[in-house]
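Notes to accompany the following structure.
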Amino acid sequence: MSQQPLTPPADAGARRARRPVVVYPNGTLPGADMALLGAARLGMTLVEALEVPPRDARAFRVPAGHFARIVSIEGPQVGDLNLWNVHDLSERFFSGKTRALHATHVGTGDRLWSTLPWLRPMATITHDTLGWYGFDDDGAGVHDVIGTRCDPYTHRLLGGGDYHQCCHSNLARALGQALGRKAAEVEHHVHDVLNVFMCTGFTRDTHQYFMKASPVRPGDYLELFAEIDLLAALSACPGGDCGETHSSDRAACHPLRVEIWRPAPGALDGWRGPERNPYGRGHGETPQAGG
């Protein structure tokens, strides 16, 4: 049976004209001490560096109180980043809540929040050399928390056959190697990502997620401060700069560099890592304090 066209109600215009309300207004979210972190960046020491090969991923650890940089080193390349609490993998990066608390694209001063019931900052962005980009005429920005990650299941669903270098598979292999397990045994820990350096937005007419060539160039980097002990994994996406395609061997791909930096002794005196969210988890089933 064919569907009949819908007739807008008489007050359709009035309904559409209602004013938008920001769900989590600026100023209500506890922020990082950016002055302290800025001072801690001075006199840092490089303590570890690793290279993430094209169309592959690597896992690495970032102790609380250290900085991690994701660096473009050879050519424009985007990366998919996962974060876990190194002591409990069930606490992991929550891209959806990060998007709701901050914006579709994140930058210096924004924080990367963890899943419920912890809901605490796992990392704070302390420097972004692409901070100049903002939003372009297409509505695109850099470092999004709206895309999921390219994966072999969607690739198969859309008729692309089997492709094993999707970011999901890359991250699963990297996590498995870090834990001494097979990728298939740990892939349930792989989660929606921070799309580092990726330039994305939504089309104005159909509101579809789109990507365009990343503005990243060799020497650009995104820097994160670890608020808790982190296990991280970064995939150098098979889409390269994601200007044409992803999940493909056709794109020109480049390695990414990860650097771990330790602040000078005493630079973080007085700093304390975040506690888990204080909500008591009663969920209306048990009496609440004071109730």
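The values are calculated or read from the model by the stated rules, or taken from the named source; none is laboratory data. Everything numeric here is computed off the predicted structure, so don't read it as measured data. Here the Cβ is made from the backbone with ideal geometry for all residues, glycine too, and neighbour counts use every protein chain on show. Protein only, heavy atoms only, side chains kept; ligands, DNA and RNA dropped before computing areas. Shrake-Rupley method; radii C 1.70, N 1.55, O 1.52, S 1.80 Å.
Observations on the structure shown:
- With respect to the conditions (1) open to solvent by 20 Å² or more (accessible area, probe 1.4 Å); (2) within 12 Å of Leu256 (Cα to Cα); (3) part of a strand (DSSP E or B), Asp80 lacks only one, and its number is (1).
- Residue check for Ala267: in a loop (DSSP other than H, G, I, E, B) and open to solvent by 20 Å² or more (accessible area, probe 1.4 Å): yes
Matching residues to (1) more than 18 Å from the chain's Cα centre (by Cα); (2) touching a residue at least 24 places away in the same chain (Cβ under 8 Å); (3) farther than 30 Å from Cys166 by Cα:
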{"position": "Pro9", "(1), (2), (3)": "yes, no, yes"}
{"position": "Arg16", "(1), (2), (3)": "yes, no, yes"}
{"position": "Glu51", "(1), (2), (3)": "yes, yes, no"}
{"position": "Leu83", "(1), (2), (3)": "no, yes, no"}
{"position": "Leu89", "(1), (2), (3)": "no, yes, no"}
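- Condition met for Ala59 (touching a helix residue (DSSP H, G or I) at 6+ places or on another chain (Cβ under 9 Å), assigned to a strand (DSSP E or B) and among the aliphatic types (A, V, I, L, M)): yes
- Of all the residues in region 155-188, those that are in contact (Cβ under 8 Å) with a residue 40 or more places away in the chain and surrounded by fewer than 20 Cβ atoms within 10 Å (Cβ to Cβ) number 4.
- Within the set Gly13, Gly43, the sole residue that is of a type outside the set (Phe, Trp, Tyr) and either within 28 Å of Thr98 (Cα to Cα) or modelled with pLDDT of 95 or more (or both) turns out to be Gly13.
- Failed item in (1) under 15 Å from Ala103 (Cα atoms); (2) in a helix (DSSP H, G or I), with Asn26 passing the rest: (2)
- Qualifying residue in region 22-37 (condition: touching a residue at least 12 places away in the same chain (Cβ under 8 Å), buried (at least 18 other Cβ atoms within 10 Å of the Cβ) and more than 18 Å from Thr115 (Cα to Cα)): yes
Residue-by-condition table, conditions (1) polar (S, T, N, Q); (2) over 16 Å from Val62 (Cβ atoms); (3) in contact with a helix residue (DSSP H, G or I) (Cβ under 8 Å, 6 or more places away or on another chain):
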| residue | (1), (2), (3) |
| --- | --- |
| Pro218 | no, yes, no |
| Ala226 | no, no, no |
| Ala232 | no, no, no |
| Pro238 | no, yes, yes |
| Glu244 | no, yes, no |
| Arg272 | no, yes, no |
| Arg281 | no, yes, no |
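- Verdict on Ser235 being touching a strand residue (DSSP E or B) at 6+ places or on another chain (Cβ under 7 Å) and either part of a loop (DSSP other than H, G, I, E, B) or buried (at least 21 other Cβ atoms within 10 Å of the Cβ) (or both): yes
- When Val106, Val78 are checked against the criterion of being in contact with a Leu (Cβ under 8 Å, 6 or more places away or on another chain) and at pLDDT 95 or above, a single residue qualifies: Val106.
- Number of residues in region 108-146 that are on the phi > 0 side of the Ramachandran plot and exposed (fewer than 14 other Cβ atoms within 10 Å of the Cβ) equals 2.
- Considering residues of region 176-202 that are part of a loop (DSSP other than H, G, I, E, B) and under 21 Å from the mean Cα position of the chain (by Cα) only, the residue nearest to Cys237 (Cα to Cα): Val193
- Matching entry among Arg149, Arg69 (being open to solvent by 10 Å² or more (accessible area, probe 1.4 Å), of a type outside the set (S, T, N, Q) and under 30 Å from Asp205 (Cα atoms)): Arg149
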